[in-house]
Amino acid sequence: MSDPTHLTLAQARDALLAKTLSSSELAKAHVEAIERAGLLNAFITKTPELALDAARQSDARISRGEAGPLEGLPLGIKDLYCTKGVRTTAASRILDDFTPTYESTVSANLLRDGAVMLGKLNLDEFAMGSSNETSAFGPVVSPWRRKGADGFDAARIVPGGSSGGSAAAVAARLCLGATATDTGGSIRQPAAFTGTVGIKPTYGRCSRWGIVAFASSLDQAGPITRTVRDAAIMLRSMAGVDAKDTTSVDAPVPDYEAAIGASVKGRRIGVPKEYRLDGLSPEIAALWEQGVAWLKDAGADIVEISLPHTRHALPAYYIIAPAEASSNLARYDGVRYGLRERGRDITDMYEKTRAKGFGAEVRRRVMIGTYVLSAGYYDAYYVRAQKIRSLIKRDFDQAFANGVDAVLTPATPSPAFAMGEKGSSDPVEMYLNDVFTVTVNMAGLPGIAVPAGLSSNGLPLALQLIGRPFDEETLFSLASAIEQAAPRIEPPEPWWRDSDGARP
Ligand code: GLN
């Protein structure tokens, strides 16, 4: 086999079962690719020995005919998932030296099915961000470069966030697939920025147990992969009810792979007029129209729908998410986890630990969250934001009650931007990235980002499909129809390999 990192997850699975490739070879090729990709800074912690050891065990199981559904497939795990015996940082200084004694349910499910972990992937600190620039371990560099008039320009491009390490590693072929999490867009936006596929399943589809909490009523786990089929394969292993997370739902987990290539004839696709934002870039508007045309050609019926409360979603999200974050992050007090700074007394110790341990964006969220939950402001901000959340959910319920099977929107308002280009003077500029994705978390619905083309400067662009609760299957079939129709996006040339593992 020439270079097995070029296989899709499904192709690698089939090659392992056909014994034309061994899991050890596959793991070794990925370990080497990671070693040569230090410049991308996609991993916070690499676990090559564990990976090679797990691969040997997979090979033994394959030869005994005991292969699990993901047997021997090398994956990356977002460093927000607790991994037993392997450092888990949430990309924060406050958890710098935290090694969990337990495995998150979702990563345990992947290991149960035979997956091989290559290491822990970089992210925005506590998953707060849209560019991976808030990581205490440095930003992730996208494997994509922007094309200028004469070749590639010098600017480093962000991979999106918060799951920037996951998206960059998958796009750069450092792993066959990766876990990610999505509170307001952190699976779909980085997937969109890197030409990969990312699905945020329905709230409750995957267990949140053992995943470092950001905003518990919005957080969901999901995969980032190179194809829609690969996402279906991974999600099937990740999903399922868990007694340790009472918000996980006891609904059967279908064989999502069966939905790939299924007919979409007669499916009703809603196109929400409120997503046609003022100033929506012509390039994104054209991509969206192209998506409509592809689904129409595949036999779907297109209807215009109205989701009237859309414009309130972003401000409401940026109240609810920080409120829940401020409460969840209260546990990092210097006593139970990670970092502790010395202080005169316990209050001084708390203050010094939290001031040193949290980065600027996390501190901003804690302050906003504490403010909107405080007496006197709670009704004015938090309660109103919750009411808006109900209205947003009702808008979607209405569309689905009218027979819409899925909603088609752009995934992001722009292609990926350069490092330092957004949000440094005004954080709201960064928050605007989430305009098409946060509604989905607010309503608890499944959403998938699927690559659909390239921008005029050569960067990936994506469409988003939003589905009915627990109907990820429809999203997989529609996304695979788009994947079939869209022009093939050639993977980025591995320019990062020249630079010998230097950090950005
Ligand atoms: N970018 C959004 C935020 O910063 C969403 C992050 C996420 O989904 N984890 O809150």
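The values are calculated or read from the model by the stated rules, or taken from the named source; none is laboratory data. Here the structure is a predicted model, which means the values were calculated and not measured. Note that we place each Cβ from the backbone using ideal geometry, even for glycine, and neighbour counts take in every protein chain shown.
What to note about this one:
- Residue in the stretch 318-333 that is of a type in the set (Ser, Thr, Tyr), at pLDDT 95 or above, more than 16 Å from the ligand (Cβ to nearest atom) and surrounded by fewer than 19 Cβ atoms within 10 Å (Cβ to Cβ) present: no
- In the set GLU103, GLU71, GLU66, only one residue is part of a loop (DSSP other than H, G, I, E, B) and either over 24 Å from ALA15 (Cα atoms) or modelled with pLDDT under 95 (or both); that residue is GLU103.
- Restricting the stretch 342-377 to residues that are part of a helix (DSSP H, G or I) and polar (S, T, N, Q), the residue that is nearest to GLU324 (Cα to Cα): THR370
- In the stretch 259-286, the residues that are within 20 Å of ARG468 (Cβ to Cβ) and under 23 Å from the mean Cα position of the chain (by Cα): ALA259, ILE260, TYR275
- For the stretch 37-64, the set of residues classified as among the acidic types (Asp, Glu) and under 10 Å from VAL116 (Cα atoms) consists of ASP53 only.
- In the set (1) within 16 Å of the ligand (Cβ to nearest atom); (2) in contact with a helix residue (DSSP H, G or I) (Cβ under 8 Å, 6 or more places away or on another chain); (3) in a helix (DSSP H, G or I), the condition left unmet by SER414 is number (3).
- Where GLY403 falls short, out of the listed (1) at negative phi; (2) more than 16 Å from the ligand (Cβ to nearest atom); (3) modelled with pLDDT of 95 or more: (1)
- In the set (1) in contact (Cβ under 8 Å) with a residue 40 or more places away in the chain; (2) touching a Leu at 6+ places or on another chain (Cβ under 9 Å), the condition left unmet by ARG61 is number (2).
- Candidates in the stretch 169-184 are the residues that are away from the ligand (no atom under 16 Å from the Cβ) and outside any loop (DSSP other than H, G, I, E, B); of these, the one that is nearest to PRO451 (Cα to Cα) is ALA171.
- Looking across the stretch 199-218, just one residue is within 11 Å of the ligand (Cβ to nearest atom) and within 23 Å of LEU9 (Cα to Cα), and that is LYS200.
- Meets criteria (under 22 Å from ALA91 (Cβ atoms), at pLDDT 95 or above and crowded, with 24+ Cβ neighbours inside 10 Å) for VAL212: yes
- Subset tally (residues that are of a type outside the set (Ser, Thr, Tyr), within 16 Å of the ligand (Cβ to nearest atom), touching a Pro at 6+ places or on another chain (Cβ under 8 Å) and assigned to a loop (DSSP other than H, G, I, E, B)) for the stretch 132-164: 8
- The residue of the stretch 422-431 that is farthest from the ligand (Cβ to nearest atom), among those that are surrounded by 15 or more Cβ atoms within 10 Å (Cβ to Cβ) and in a loop (DSSP other than H, G, I, E, B), is LYS422.
- The sole residue among GLU351, GLU289, GLU274, GLU304 that is within 23 Å of ARG384 (Cα to Cα) and among the charged types (D, E, K, R) is GLU274.
- A Cβ distance below 9 Å, combined with a sequence gap of six or more or placement on separate chains, defines the contacts here; from the stretch 350-371, residues that are free of Cβ contacts under 8 Å to residues at least 12 places away in the same chain and within 17 Å of ARG336 (Cβ to Cβ) reach no residue that is more than 11 Å from the ligand (Cβ to nearest atom) and part of a helix (DSSP H, G or I).
- Residues that are in contact with a Lys or Arg (Cβ under 8 Å, 6 or more places away or on another chain), surrounded by fewer than 20 Cβ atoms within 10 Å (Cβ to Cβ) and not β-branched (Val, Ile, Thr) within the stretch 98-112 comprise PHE98, PRO100, TYR102, listed in sequence order.
- Scanning the stretch 288-313 for residues that are of a type outside the set (Gly, Ala, Ser) and part of a loop (DSSP other than H, G, I, E, B) turns up LEU307, PRO308, HIS309.
- Residue ID - farthest from GLN290 (Cα to Cα), chosen from residues in the stretch 239-278 that are touching a Ser or Thr at 6+ places or on another chain (Cβ under 7 Å) and among the hydrophobic types (A, V, I, L, M, F, W, C): VAL241
- Only one of the numbered conditions (1) assigned to a helix (DSSP H, G or I); (2) surrounded by fewer than 24 Cβ atoms within 10 Å (Cβ to Cβ) is violated by ALA51, and that is (2).
- Listed by first and then second residue, the pairs with beta-carbon distance under 7 Å, at least 6 apart or on different chains, first residue in the stretch 97-118 and over 15 Å from LEU235 (Cβ atoms), second part of a loop (DSSP other than H, G, I, E, B) and aliphatic (A, V, I, L, M), are GLY114/ALA67; GLY114/LEU70; VAL116/LEU73.
- The residues of the stretch 433-481 that are away from the ligand (no atom under 15 Å from the Cβ), closer than 21 Å to ALA251 by Cα and of a type outside the set (A, V, I, L, M), listed by number, are GLY467, ARG468, PRO469, PHE470, ASP471, GLU472, GLU473, THR474, PHE476, SER477.
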